[in-house]
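The structure appears below as structure tokens.
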Amino acid sequence: MGNPYTDPVENVIGNIDTLYGHAMVPEPTYTKWRKLCRNGDGTAADCELLEAKMSYAFTGNVNPYALDYPVCLDNATKTKRKLTAYQARIAYSTLPRHMREVLGLPGDPEDYEPCEENYAETYLNRADVKAAIHANDAITWTSCSSKTPYGTLVYNYTWSEVYMEPYYQYLVASPMNLKIMVFSGDDDSICGTVGTQSWIYDQGWPITVGTEWTSWDYEGQVAGYVEKFDGLTFATVHGAGHEVPTYKPAQALKLISAYFNASSWLF
């Protein structure tokens with residue numbers, strides 16, 4: 001599972017803490033929120049107000065799925081455009097409305113084309129491409145399902161309120177002896193690594209002796225950190241956004257290769 005949305009409470013913690021850790025929200029407001037809301041001591045109204053203040057402070061043309069990456073500046077219209085349909089649906093299901101309203105256009109890594117999605121949309125709507133892949137030429141392709149005469153796939157947003165920890169607990173305890181990995185790009189604020197760590201450590205799973213928190217590398221550089229619990233491995237990918245292979249493809253390949261290699265350093 002990569003940057004998984006698991007717990008609506010822990011997800012807010014991950015979001016706010018990640019923004020603060022990137023110095024993108026003011027310290028006084030964050031300190032009040034941490035004191036009143038991070039541990040559930042404040043009222044819902046207090047917390048919503050503080051979260052709204054921080055969400056509106058987090059302004060500008062920033063990619064919330066990869067905070068340190070550039071955004072597409074194809075033209076003035078696209079510069080001001082909100083999230084793509086796909087990302088907007090994820091944000092809608094994971095963030096309060098007042099936080100969703102200020103999210104900017106998503107971007108991509110420094111060694112990757114920020115406007116790739118725009119180019120892909122143009123390419124996949126070309127008549128010759130549709131013919132080559134035997135697509136219905138009457139349909140306009142977009143990055144996410146939308147209401148059309150040809151049908152739609154719409155998320156049920158109430159699903160975002162379902163806590164997923166019981167499913168992890170069931171799978172970890174299963175006699176099937178499953179190999180489970182949760183990995184997290186630490187530049188993502190939508191499903192922040194801080195929140196992922198929070199719910200994982202809350203489970204109380206024993207840490208496998210000799211596999212305590214340690215760095216892993218790619219070509220001599222730290223690529224992230226890893227810790228193995230009895231039944232689940234948690235790994236971070238340093239500098240990667242929400243979709244890890246998009247932002248750190250080589251590191252993602254090393255990670256997934258380790259997952260499939262029974263004698264690897266990871267499992």
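The values are calculated or read from the model by the stated rules, or taken from the named source; none is laboratory data. From a predicted model like this one, the values you see are computed outputs, not experimental measurements. So basically every Cβ, Gly included, is an ideal-geometry build from the backbone, and we count neighbours across all protein chains shown.
Here's a check for you: in region 174-200, which residue that is within 16 Å of M1 (Cβ to Cβ) and among the hydroxyl-bearing types (S, T, Y) is surrounded by the fewest Cβ atoms within 10 Å (Cβ to Cβ)? Walk me through how you get there before you give the answer.
The first filter runs over region 174-200 and keeps only residues within 16 Å of M1 (Cβ to Cβ), leaving 174, 178-186, 188, 190-193, 195-200.
Adding the requirement that they be among the hydroxyl-bearing types (S, T, Y) leaves 174, 184, 193, 196, 198.
Working: S174: 11, S184: 28, T193: 26, T196: 27, S198: 19.
Among residues in region 174-200 that are within 16 Å of M1 (Cβ to Cβ) and among the hydroxyl-bearing types (S, T, Y), the one surrounded by the fewest Cβ atoms within 10 Å (Cβ to Cβ) is S174.
The criterion of at least 2 residues that are modelled with pLDDT under 70 and not acidic (D, E) is met by the following helices (runs of 4 or more DSSP H) wholly inside region 88-189: 97-100.
If the condition is being buried (at least 17 other Cβ atoms within 10 Å of the Cβ) and charged (D, E, K, R), then region 210-256 contributes E227, K228, E243, K248, K254. The set of residues in region 195-231 that are under 21 Å from L67 (Cα atoms) and touching a residue at least 12 places away in the same chain (Cβ under 8 Å) comprises G195, T196, Q197, S198, V222, A223, G224, Y225.
Suppose the filter is out of contact with any Asp or Glu (no Cβ under 6 Å at 6 or more places or on another chain) and not assigned by TED's automatic domain parsing to the domain that holds Y65; does V182 pass it?
Working: out of contact with any Asp or Glu (no Cβ under 6 Å at 6 or more places or on another chain): yes; not assigned by TED's automatic domain parsing to the domain that holds Y65: yes.
Answer is yes for this residue.
Each residue in region 197-232 was checked for being closer than 17 Å to L255 by Cβ and assigned to a loop (DSSP other than H, G, I, E, B), and 4 of them qualify.
Residues being among the aromatic types (F, W, Y) and in contact (Cβ under 8 Å) with a residue 60 or more places away in the chain: count how many of those fall in region 1-32. Please lay out each step first, then the result.
Here is the first cut: in region 1-32, the ones among the aromatic types (F, W, Y) are 5, 20, 30.
Adding the requirement that they be in contact (Cβ under 8 Å) with a residue 60 or more places away in the chain leaves 5.
Residues meeting the conditions: 1.
Determine whether G192 is in contact (Cβ under 8 Å) with a residue 24 or more places away in the chain, within 19 Å of T18 (Cβ to Cβ) and out of contact with any Pro (no Cβ under 6 Å at 6 or more places or on another chain). Let's see the steps before the verdict.
On the way: in contact (Cβ under 8 Å) with a residue 24 or more places away in the chain: yes; within 19 Å of T18 (Cβ to Cβ): yes; out of contact with any Pro (no Cβ under 6 Å at 6 or more places or on another chain): yes.
It is true that G192 is in contact (Cβ under 8 Å) with a residue 24 or more places away in the chain, within 19 Å of T18 (Cβ to Cβ) and out of contact with any Pro (no Cβ under 6 Å at 6 or more places or on another chain).
If a residue has to be within 19 Å of P4 (Cα to Cα) and out of contact with any strand residue (DSSP E or B) (no Cβ under 6 Å at 6 or more places or on another chain) to count, how many in region 205-233 make the cut? Total meeting the criteria: 3.
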